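The values are calculated or read from the model by the stated rules, or taken from the named source; none is laboratory data. These numbers come from a predicted model, not from an experiment. All Cβ positions, even for glycine, are placed from backbone atoms using ideal geometry, and neighbour counts span all protein chains on display. These accessible areas exclude ligands, DNA and RNA; they are computed on the full protein's heavy atoms, side chains included. Shrake-Rupley method; radii C 1.70, N 1.55, O 1.52, S 1.80 Å.
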Amino acid sequence: MRVIVNGEHTEVAAGRVDALLSELDYAGSHVAVAVNFEVVPRTKWADTALNSGDEIEIITPRQGG
Amino acid sequence: MVNFCGKEFSSRLLIGSALYESPAIMQDAIRASGAQIVTVSLRRETAGGKAGDVFWSLIRDLGVTVLPNTAGCRTVREAVTTAKLARELFGTNWIKLEVIGDNDTLQPDVVGLVEAATELVNDGFEVFPYCTEDLSVAMRLVDAGCRVVMPWAAPIGSARGITNRDALKLLRDRLPDITLVVDAGLGAPSHAAAALELGFDAVLLNTAIAKAADAVAMAGAFKLAVEAGRIAYESGLMDARDFASPSTPVIGTPFWHAVS
């Protein structure tokens, strides 16, 4: 399935958010996720299905002013 | 003490976590500044999120209150979604709201800012809007439910200090119950002191400390300047005047006599 992860077209096997994070090596990291501009809370990662063409943002803490 | 959204803080200096030479210098500078509120951001990361984890643990070690920002957002939709991601990531409903309107000056898009602030306040956020010094915009932000307003002194990272003193003073006079923070453009401790002398509740600093040759020492200098500025404001500064007014008593001056 082709989705867009952090702005890049990406071919993934995962069908849900938690599986996607494992597949892309984010498991255990402190991240937040949005799918199509909607934030998916950590508690919903296992229940949230992904569809072809979804735009997924995976973001982490960073220095800021 | 200064009140931010119902919480009391003793430090009137908010500090950014970016641009330091090393993580250790960042931590030491934040400690030296005495700041209790630290701004952070959120970004995409390709390497599995490991760098983000390291940074986040450094910030948590400091035991400070974090204020995430929406730096780089150019539309209401981006800013609102970024704020919601920040709430999820950092576990706080505080957001430093930036909606940028111009790439060269990083001037806030004040129309988008008011719209995004309204949406976020309605969603339960405490919004700290980064805005211009325009009074009408600040009043709109207050009407939207912002309890803090953060005008720039000058463009971000410009080190120019307060470029529109009259407008900042007007904000203080017209919004006496709002927590006012000078957010951007300060370059020297004297600039920070000047903001506090005007009655601003606090200043937010990053580049001027982080890019100093000795960031830790500069953080200490800003800490002192902010404290001095606040004490001066509370002590009642004298008004400026056009002509001299002798400080030494005139009566009894030797050799003085009336010339007719």
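Points to keep in mind about this one:
- Proximal charge balance of B:Lys7 [Cβ under 15 Å; K/R count +1, D/E count -1]: -1
- Building the convex hull from the alpha-carbon atoms of chain B and averaging its projection over directions returns 18.3 nm².
- Length gained when the stretch B:Trp256-B:Leu135 is fully extended (0.36 nm per residue, less Cα-Cα span): 38.3 nm
- Buried area at the A-B interface (accessible, heavy atoms, 1.4 Å probe, summed, Å²): 2400
- Lysine-lysine proximity count for chain B, Cα under 30 Å, sequence distance 8 or more or distinct chains: 14
- Cα-centred dipole magnitude for chain B, charges only on beta-carbon of K, R (+1) and D, E (-1), debye, nearest 20: 320
- Surrounding net charge for B:Glu45, when Lys and Arg each add one and Asp and Glu each subtract one, Cβ distance under 14 Å: 0
- Placing a pseudo-label 7 Å from each Cα along the Cα-to-Cβ vector at B:Ala159 and B:Glu21 gives an inter-label distance of 1.5 nm.
- FRET efficiency for the A:Glu11 to B:Arg74 pair, using the beta carbon distance and R₀ = 41 Å, is estimated at 0.90.
- Gap separating the Cα centres of the range B:178-235 and the range B:78-109, nearest whole Å: 23
- A convex hull fitted to the Cα coordinates of the range B:177-260 yields 184 cubic angstrom per residue.
- Proximity of backbone amide H atoms, modeled 1.01 Å from N, is registered between A:Val5 and A:Thr10, A:Ile56 at under 5 Å, excluding neighbours fewer than 5 places apart on the same chain.
- Of the solvent-accessible surface of the protein assembly as shown, computed with a 1.4 Å probe and all protein chains present, 52% belongs to carbon and sulfur.
- Which of A:Tyr26, B:Leu97, B:Thr46, positive extreme of dipole for the protein assembly as shown (C-beta unit charges): B:Leu97
- Excluding ligands, DNA and RNA, the accessible surface per residue across the range B:2-235 is 40 Å² with a 1.4 Å probe.
- Sites B:Glu234 and B:Ser190, calculated FRET efficiency, Cβ-Cβ separation with R0 25 Å, nearest 0.05: 0.85
- Positive-end residue, the protein assembly as shown charge dipole about Cα centroid, Cβ charges, pick of B:Trp56, B:Val216, B:Ala24: B:Val216
- Accessible surface area normalised per residue over the range A:2-59 is 51 Å², counting heavy atoms of protein chains with a 1.4 Å rolling probe.
- Viscosity 0.890 mPa s, temperature 25 °C, Stokes-Einstein D of chain A from Kirkwood C-alpha radius, µm²/s: 205
- Partner shielding of B:37-48 amounts to 6, given as the average count of beta-carbon atoms from other chains within 10 Å of each residue beta-carbon.
- Using only side-chain charges placed at the Cβ, +1 for Lys and Arg and -1 for Asp and Glu, the dipole size of the protein assembly as shown relative to its Cα centre rounds to 600 debye.
- Inter-label distance, nm, simple model (7 Å from Cα along the C-beta direction), B:Ser57/A:Glu23: 2.9
- Accessible surface of B:Lys7 - all protein chains present, 1.4 Å probe, nearest 10 Å²: 90
- Complex-versus-alone comparison for the range A:46-65, residues with a loss of 20 Å² or more in accessible area, probe 1.4 Å: A:Glu57, A:Ile59, A:Thr60, A:Pro61, A:Arg62, A:Gln63, A:Gly64, A:Gly65
- Ellipsoid equivalent to the protein assembly as shown - semi-axes via the Cα gyration tensor, in Å: 46, 21, 15
- Counting only other chain Cβ atoms within 10 Å of each residue's Cβ, the peptide B:81-91 averages 5.
- Of the DSSP H helices in chain B, those whose Cα atoms cover at least 24 Å axially and whose Kyte score averages -0.5 or more: B:215-235
- For the range B:62-204, share of DSSP beta bridges that run antiparallel, in % to the nearest 5: 10
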